[in-house]
1. Any chance the stretch B:323-330 includes a residue that's within 14 Å of another protein chain (Cβ to nearest Cβ), without any contact (Cβ under 8 Å) to a residue 24 or more places away in the chain and either in a helix (DSSP H, G or I) or under 24 Å from A:Leu59 (Cα atoms) (or both)?
2. Can you name the residue in the stretch A:111-130 that is open to solvent by 60 Å² or more (accessible area, probe 1.4 Å) and at pLDDT below 90 and is also nearest to B:Arg317 (Cα to Cα) among such residues?
3. For the stretch B:360-387, how many residues meet the condition of being farther than 18 Å from B:Gly344 by Cβ and either within 14 Å of chain A (Cβ to nearest Cβ) or open to solvent by 20 Å² or more (accessible area, probe 1.4 Å) (or both)?
4. Which pairs turn up if I take residues in the stretch B:288-314 that are away from every other protein chain (no Cβ under 14 Å) and look for partners that are surrounded by fewer than 19 Cβ atoms within 10 Å (Cβ to Cβ) with beta carbon separation below 7 Å, at least 6 apart in sequence or on another chain?
5. Could you say whether any residue in the stretch A:192-214 is closer than 24 Å to A:Arg124 by Cα, in a loop (DSSP other than H, G, I, E, B) and among the β-branched types (Val, Ile, Thr)?
6. So, in the stretch B:83-103, of the ones that are outside any loop (DSSP other than H, G, I, E, B) and small (Gly, Ala, Ser), which residue ends up nearest to B:His207 (Cα to Cα)?
7. Within the stretch A:143-181, work out how many residues are farther than 28 Å from A:Gly43 by Cα, open to solvent by 10 Å² or more (accessible area, probe 1.4 Å) and within 14 Å of chain B (Cβ to nearest Cβ).
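The values are calculated or read from the model by the stated rules, or taken from the named source; none is laboratory data. Note that this is a predicted model, so its numbers are computed, not measured. Every residue, glycine as well, gets a Cβ built from its backbone with ideal geometry; the counts of neighbours run over all protein chains shown. Protein only, heavy atoms only, side chains kept; ligands, DNA and RNA dropped before computing areas. Shrake-Rupley method; radii C 1.70, N 1.55, O 1.52, S 1.80 Å.
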Amino acid sequence: MTAAIQLEGLEKIYHEDQPNIAVRAVNGIDLTINHGEAVAIVGPSGCGKSTLMQLLGCLDRPTRGSYRLEGQNVSRLDDDELAHVRNRRIGFVFQSFNLLARYSALENVALPLMYSSVDNPAQRARAVLERVGLVNRAGHLPSELSGGQKQRVAIARSLVNQPAILLADEPTGALDSRTGEEIIQLLLELNAAGTTLIVVTHDLALARKLKRVVRLRDGKVEADGPPEQVLAEAPAGVQ
Amino acid sequence: MSIFETLRTAMRALLSNKMRSVLTMLGVVIGVGAVVAMLALGEGTKADIEKNIRSLGSDVLTVRPGQAQMGQVRGGNVETLKVEDAEAVGELPGILQVAPSAQASAQIKFLSNNVSASVVGVTPEYFEVQKLVTQYGAPFSETQVRGRRRVAVLGSNVAMKLFPGSEPLNQRVKIRGLSFQIVGVLAGKGEGFSSPDDQVLVPLLTHQTVLFGRDYITTMTIQVENENDLDNTKLEIEGLLRSRHRLRPEEASDFNISSTKDVLATVGQITGMLTAFLAALAAISLLVGGIGIMNIMLVSVRERTREIGIRMAIGARRGDVLLQFLIEAVVVSLLGGVIGLGVGAGIAFTLSKVAGTGFVLPLYAVALSLGVSLATGVGFGVWPARSASRLDPVEALRYE
């Protein structure tokens, strides 16, 4: 069975043509994540977490190396092909929710379906909204929802096209600890139901809840393993 | 994304910022409105003038004296056209009748009422050629003309001004201090330039000898038997008049012969130029409206950078984003065009009612205004839309 994600010698270098300001944000990463895994990516600020996230999310192309998503090399796709991959095979959950303010919860959830022309978008969106327990808030605007509810809507939106992997960037960063806890539980439930989950976070409490933790430093993988092993050996000040 | 969904998205964005959308649209409304109003007024005036000229009939030729030319200096009208010329033209084959006439301005008085009018000396043929009908009384008789009688037929407007509420027939008016008996009043012809409604007709000989002491005529109106022979007849008249005026071959004619068709062409050319000029001026405001759209769309793209980033992250292609913003611009512009069309037509209609001229909304003006507003939307919307579609999704998502 092919891996969900397979990175080989992945590099992302900004301003490579100007050596004095060039930044090696991702500097040779080899990483394999299998279907159904739940992986936390941790590391200090500037370690390349965000850049890796953008590469994994097909928002950006690597400078070098290869990225196989479910066996397909997506590192050299053109803009439209990348858009299609983002639409169908990747779900995004952001720290700041990124919902459209003028669209109701249901419409926000249905938005990805608008770009993939499926039948009955409203019905599908409603089903996913039900799964995150917010069907009674379907007609509300984001401004009428609490932070936790907004993040649930965002999670529903990321799931609506049944993606293979779910990428969450600090999903609890804008929430209080109790609400954050609920969001983590929801993400773990989704993972238990088969969705591959990758969470980028500073929050070690969150990272501990996942089965595998990858620690980055200076654009490279510094440690990779179960949380008790990786986080125990973490040097002070990693958070 | 389907075109229907894109349209819905655009409408949503526009409705969520109603005031801004309306103000943006206003530029196009004013631009298209101005162009349509100018075209409609121009066409209305043209149709009016043409109707007037056409009422003369297409079987009519008009001879007018040319202008005296001394070196580079242009003098007044030459005085070489005579009644005898008209009689000679009448002898030519293919001529139905000839109506020589002389025109001058004078004061007409009745008691304390005073009107300045164009006094035209005419023969009985004039009434037939010009298709003039008397409402009261009768046209001049041959006897009245030959006898140099002091009789007059009033145009309807002149009669109304001189005799408000009283019967003009058989009354006496004073023209240049001389007493004239009114033997007829013309039926009104309606608005128009040099309308017979504003004229006073007197017998030609009376005009020449008694009133103004001149022996020349200012117009010769000729009705031909067969309008298909108009061009040939024109050439024959020209030859005859040239030989009568003893013009050498190298000399220019001292008269002009024009047919209704010629006059129509000239008038069409002049009003067409005027209309085009006014419409071009109005089009400048359309240009300003277009720049307004571009301006607002650029602001809108910047404001919604994050939204663009979100849409791209969840699968919008660059083409989807481009189309979304382009359609927004086109909807604003096209809607502005439709409203402007209504506003312009309304203005032209109101003005034509006030001024009493004709109202014509030419189909080409409708097509032009809608086409131009569509083109304005696309033309001025494409740059903002392109800049939106070229955003880097990573940068756009980071935008605050």
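1. For the stretch B:323-330, residues within 14 Å of another protein chain (Cβ to nearest Cβ), without any contact (Cβ under 8 Å) to a residue 24 or more places away in the chain and either in a helix (DSSP H, G or I) or under 24 Å from A:Leu59 (Cα atoms) (or both): absent.
2. Within the stretch A:111-130, the match that is nearest to B:Arg317 (Cα to Cα) is A:Ser117.
3. Residues in the stretch B:360-387 being farther than 18 Å from B:Gly344 by Cβ and either within 14 Å of chain A (Cβ to nearest Cβ) or open to solvent by 20 Å² or more (accessible area, probe 1.4 Å) (or both): 7 in total.
4. Final answer for the pair search is B:Gly290/B:Gly379; B:Met294/B:Trp383; B:Ile296/B:Arg20; B:Val301/B:Ser387.
5. Yes, the stretch A:192-214 contains at least one residue that is closer than 24 Å to A:Arg124 by Cα, in a loop (DSSP other than H, G, I, E, B) and among the β-branched types (Val, Ile, Thr).
6. B:Ala102
7. Counting residues in the stretch A:143-181 that are farther than 28 Å from A:Gly43 by Cα, open to solvent by 10 Å² or more (accessible area, probe 1.4 Å) and within 14 Å of chain B (Cβ to nearest Cβ) gives 3.
So that you can scan it fast, the table gives a plain yes or no per residue for (1) more than 19 Å from B:Tyr126 (Cα to Cα); (2) aliphatic (A, V, I, L, M); (3) not assigned by TED's automatic domain parsing to the domain that holds B:Val122:
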| position | (1), (2), (3) |
| --- | --- |
| B:Pro203 | no, no, no |
| B:Thr209 | no, no, no |
| B:Gly213 | yes, no, no |
| B:Ile222 | no, yes, no |
| B:Glu225 | no, no, no |
| B:Asp229 | yes, no, no |
| B:Thr233 | yes, no, no |
| B:Leu240 | yes, yes, no |
